[in-house]
Amino acid sequence: MTNKIKLFSTITNQDYPFERIEEFADNGESLEVKIEGIEKAKIRDGKYLWERYADFLPFSKIDESISLGEGNTSLMKADKKLLDFVDLNNLYLKNETQNPTWSFKDRGSLACIAMAKEMKESVTATISTGNMGASISAFGAKSGIKVIVFVPDFTPKEKIMAMGIHGAIVVKIIAPDYSEIKKKVLSLAKKLNLRIVSGNGPIRVEGYKMASFELFEQMQRRVPDYIAVPTSACGHIRGIFKGYRELKEAGIITKLPKMIVVQAHNNSPIVSAIKQGKKQVIPFSNFHTIAEAITSGNPMGGDEIIDKVSKYGWLAEDVTEEEIIESQKRLAESGYFVEPASATSLFAIKKLKQAGKIEKDAFVVMILTGSGLKDSEVLQYQKANVQEIKLDKIESAISKIL
Ligand SMILES: *Cc1c(COP(=O)(O)O)cnc(C)c1O
C-alpha cells in the first residue's frame, strides 16, 4: 500500500485517508481518489486494462482471480436508422450490456472487490436498485467475499433472483423514498465497521475509469466530442470523465470530451437544476419512471455534477416516459435490447441536436448501460408480434406473413 494515494472531497477539497470506510465526506460531498504524480503516469504493456493503466489506478495489484472478464465491450457506429433519428453523422454505441452481469456496473464492482481484498475485508455490502447489487453479488461469489445487498421494494425480480443465485443476502427495505433508504443505510457503515458501497463511491469511480481507457484505445487515441450517460447516483459519469481528465494530466491527450447528463423527466434532480440555473440538486420524491436504474431522486453527488457542467461546458437533457419507450424500441429495432434507463440517451441526444447544442458532425458516444432482459415488466409497453397457429396451418400462416 502506497501512501501517495488519498481521498479528497470534490467541492471543498478536504483530505481523507484512502482507507476511509464511508462512501462520502463528512459533509456529504462526493469523494475522489487522488494519486500523487499522475502527471508522470504511462500506459504500459499488459493483457488487461488494469495492467496497461496500472499507473492510473490506486490498487497495489489487481489479481486476475477476482475478475469476471468485465469490459472489452464493443463500440459500434449507429446504423442509418438511428443516425437519421438523431440527425447526426457520427453516433457510436458503447455496448456495456456485454459485461458479465449485463451492465457497466461490473467495471466498478471489480474495483470494489479489489479494494476489499486490499483491505483484507471478508464482507461487502451495497445499496442498489438492482444492477449494482447483482454485479457485486457475482464478483463477491467469484472472489469469496460475502455480500449483503439492500434493495428498495421496486427492484425488478430478475435482478433480485440474480443476487440470490450468486449467494448474496438480500435485504428488502420497505420505505417510500429510495434516497432516504440510501442515506440511512450508508450512515451505518462506520458504526458497523462495514464497507457499504454505493453507486457514487470513490473506489467504484476508479473502476468506471477503465471504460474511458478502453474507449481511448478503441477510438485509436481520439477523444469523442460528447459522451451521453444516463445518470443517477453519478458515479459512472464521474468515472468516465475522470479517466479522460487523468489521461490529459499525464499529457497523453490534449482535449476532454463533454459529458451529457441524461435523466428521466419524472426524476430529474440534476438536469432540472441545470436547466433552472441552480447550483444545487432539486430533490424529487414520490415520482414514477420506468427507468428504474436511474431513480436517485436526491443524489448525494449531484451538486458536484452541476458544478462540473458549468465548469467544463457539459450538456444536460431529460426525457419523458413516452420518449424512453420509443428510444428503447428504436434501439431494439437496430439490434440493441437495452433497459429503459439505457435508452434515455438516444432521445436526449436527438433533442440536444434539435436545439442546436450538438453539431451535425460531432463525434458522439452513447453508453448502453444495461440489458433489456433484466426488467421484463416494462416490456408490457412494447408490442411483440406473436402469432399462435395449429400444426396443420403453419404453411398457410407463413405464406400470409410473406
Ligand atoms: C446504475 C445505472 C445507471 C446510472 O449510473 P450512476 O452511476 O448511478 O449514475 C444507468 N443505467 C443503468 C442500466 C444502471 O444500472
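The values are calculated or read from the model by the stated rules, or taken from the named source; none is laboratory data. Computed from a predicted structure; not experimentally measured. Here Cβ is always computed from backbone atoms with ideal geometry, including for glycine, and neighbour counts include all displayed protein chains. Ligands, DNA and RNA are stripped out before the accessible areas are found, and what is left, the full protein with its side chains, is counted by its heavy atoms. Shrake-Rupley method; radii C 1.70, N 1.55, O 1.52, S 1.80 Å.
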Which value in nm describes the separation of the simple spin-label points at Lys80 and Ala141, placed 7 Å from the Cα toward the beta carbon? 4.3
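Tell me the per residue accessible area of the stretch 299-402 using a 1.4 Å probe; a whole number in Å² is fine.
Heavy-atom SASA per residue in the stretch 299-402 reads 52 Å².
Take every DSSP beta bridge whose two residues both sit in the stretch 145-283, then give the antiparallel share in percent to the nearest 5. Could you put the intermediate results ahead of the total?
On the way: 1 of 11 bridges.
Of all bridge pairs located within the stretch 145-283, approximately 10 percent are antiparallel.
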Which angle between 0 and 90 degrees, to the nearest 10, do you get for helix 321-333 versus the longest principal axis of the chain when only C-alpha atoms count? 80
Potential extension, Gln354-Gln218 segment - 0.36 nm per residue separation minus Cα distance: 46.1 nm
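If Lys and Arg each add +1 and Asp and Glu each add -1, what is the summed charge of the other residues whose beta carbon sits under 11 Å from the beta carbon of Ala116? Write down the numbers at each step before the final one.
Numbers: positive: Lys117, Lys120, Lys146, Arg195; negative: Glu118, Glu121.
That sum, taken over residues with Cβ under 11 Å, equals +2.
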Debye intensity ratio in log₁₀ form over the Cα atoms of the stretch 363-402, taken at each q of 0.31, 0.32 Å⁻¹: -1.06, -1.09
Diffing the stretch 264-275: the Karplus 3J(HN,Hα) column from phi (6.51, -1.76, 1.60, θ = phi - 60°), in whole Hz with x for Gly and Pro, holds 6, 4, 5, 8, 10, x, 8, 5, 4, 4, 5, 5
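Computed over the Cα atoms, what is the radius of gyration of the chain divided by 2.2 N^0.38 Å, N being its residue count? If you can, show how the numbers build up before the last one.
On the way: Rg = 20.9 Å, N = 402, 2.2 N^0.38 = 21.5 Å.
That ratio works out to 0.97.
In the chain, what % of DSSP beta bridges are antiparallel (nearest 5)? The partial results should precede the final answer.
Working: 15 of 46 bridges.
Antiparallel bridges: around 35 percent, rounded to the nearest 5.
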Flagged as over-length at 32 Å C-alpha distance, from Lys42/Lys80; Lys248/Lys353; Lys183/Lys258; Lys182/Lys258; Lys81/Lys255; Lys4/Lys159, the pairs are Lys42/Lys80; Lys4/Lys159
Specify, per residue and in Å³, the volume enclosed by the convex hull of the alpha carbon atoms belonging to the stretch 311-400. 153
How large is ³J(HN,Hα) for each residue in the stretch 367-380, as worked out from phi by the Karplus curve 6.51 cos²θ - 1.76 cosθ + 1.60 (θ = phi - 60°), to whole Hz, x for Gly and Pro? 8, 7, 7, x, 6, x, 6, 7, 9, 7, 4, 5, 6, 4
Considering only protein heavy atoms, what per residue accessible area in square angstrom results for the stretch 47-190 with a 1.4 angstrom probe? 40
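Taking only DSSP H segments of four or more residues, each worth -39500 (n - 2.57), what value at 222 nm results for the chain once the sum is divided by all its residues, to the nearest 500 deg cm²/dmol? Walk me through the numbers on the way to the answer.
On the way: 14 runs with 146 residues, N = 402.
Taken over the chain, the calculation gives -11000 deg cm²/dmol.
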³J(HN,Hα) computed for each position of the stretch 280-287 - Karplus, 6.51 cos²θ - 1.76 cosθ + 1.60, integer Hz, glycine/proline x: 10, 3, 9, x, 10, 9, 6, 9
In the stretch 142-194, the chymotrypsin sites (Phe, Trp or Tyr not before Pro) that fall in loop regions by DSSP, at most 16 other Cβ within 10 Å: Phe154
